[in-house]
Amino acid sequence: MHAKQEIPLDWIRGRVHGYFYDPVTNERCDEFEINNVTTFAAADVLARLMGGDTRYAPAHMGFIYGETGTPDADLEQRPSSRLVTWASLATELSSSGVGGNVLISPLSAGPGYGVDGSAVNYSGNKIQLTAHSGTRLEYGYPTSAPYADELEDDDWFWQALLLTRLVDGSTITYIPFARVSLEVADVFPQKPANFELALFWDISFF
């Protein structure tokens, strides 16, 4: 008889560093760092990648935003559940009192690699992915009620997503790999005029 081996659930971790910046002057403000939540779908994505299907690489970020700094409680302000799908997010953002949307941006630089944890055990177990709200590819949902209009100055950023984006003809499918709340000290960041939100998303494997 073999003893049962407990497998740790924290083998993958994510942390997001973000700030607003002016693309003209390169001025920065409102820096923050927050831990993310990795979805169950992330395991599906990694299995596809291990099998050689590079289409599943998370190469986009979604910036979840709205017109209020106090979205209704129907929006999960501090996401803790790994049960996140594009359909469940659509319900959250279209709920009464929320009216949010997702701005989709491609990664703005090649991935960076590093070591997170003991250098004795790892030689490159961390990947950093970067994107910003200025490289606007598309919106995840219609830019009309019950969703938010296109992102403008003074809108509020609520959360962000690390996304796999699959294209099959005219059909686009999004798979949320990870999700993070941008709330710091009970306050969501508001977009200053002429500034964009930059995110540096670290994913580490242990």
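The values are calculated or read from the model by the stated rules, or taken from the named source; none is laboratory data. The model shown is predicted, which means the values in this text are computed figures rather than measured ones. Every residue, glycine as well, gets a Cβ built from its backbone with ideal geometry; the counts of neighbours run over all protein chains shown.
Couple of notes before you dig in:
- Among (1) more than 19 Å from the chain's Cα centre (by Cα); (2) under 28 Å from Leu46 (Cβ atoms) - the single one Gly110 does not satisfy: (1)
- Restricting region 186-195 to residues that are of a type in the set (A, V, I, L, M, F, W, C) and surrounded by 19 or more Cβ atoms within 10 Å (Cβ to Cβ), the residue that is farthest from Leu75 (Cα to Cα) is Phe195.
- Filtered residue count, region 56-84, keeping only those that are more than 28 Å from Asp149 (Cβ to Cβ), at pLDDT 95 or above and out of contact with any strand residue (DSSP E or B) (no Cβ under 6 Å at 6 or more places or on another chain): 1
Here is a yes/no grid of residues against (1) closer than 15 Å to Glu31 by Cα; (2) touching a strand residue (DSSP E or B) at 6+ places or on another chain (Cβ under 6 Å); (3) crowded, with 19+ Cβ neighbours inside 10 Å:
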position	(1), (2), (3)
Ala148	no, yes, yes
Glu152	no, no, no
Thr164	no, yes, yes
Ser170	no, no, no
Ala178	no, yes, yes
Val184	yes, yes, no
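- Members of region 75-107 that are within 20 Å of Glu152 (Cα to Cα) and surrounded by 18 or more Cβ atoms within 10 Å (Cβ to Cβ): Leu93, Ser94, Val98, Gly99, Gly100, Asn101, Val102, Leu103, Ile104, Ser105
- Set Ile203, Ile172: member being free of Cβ contacts under 8 Å to residues at least 40 places away in the same chain, within 21 Å of Thr39 (Cβ to Cβ) and touching a Lys or Arg at 6+ places or on another chain (Cβ under 9 Å): Ile172
- So Tyr113, is it aromatic (Phe, Trp, Tyr) and surrounded by 15 or more Cβ atoms within 10 Å (Cβ to Cβ): no
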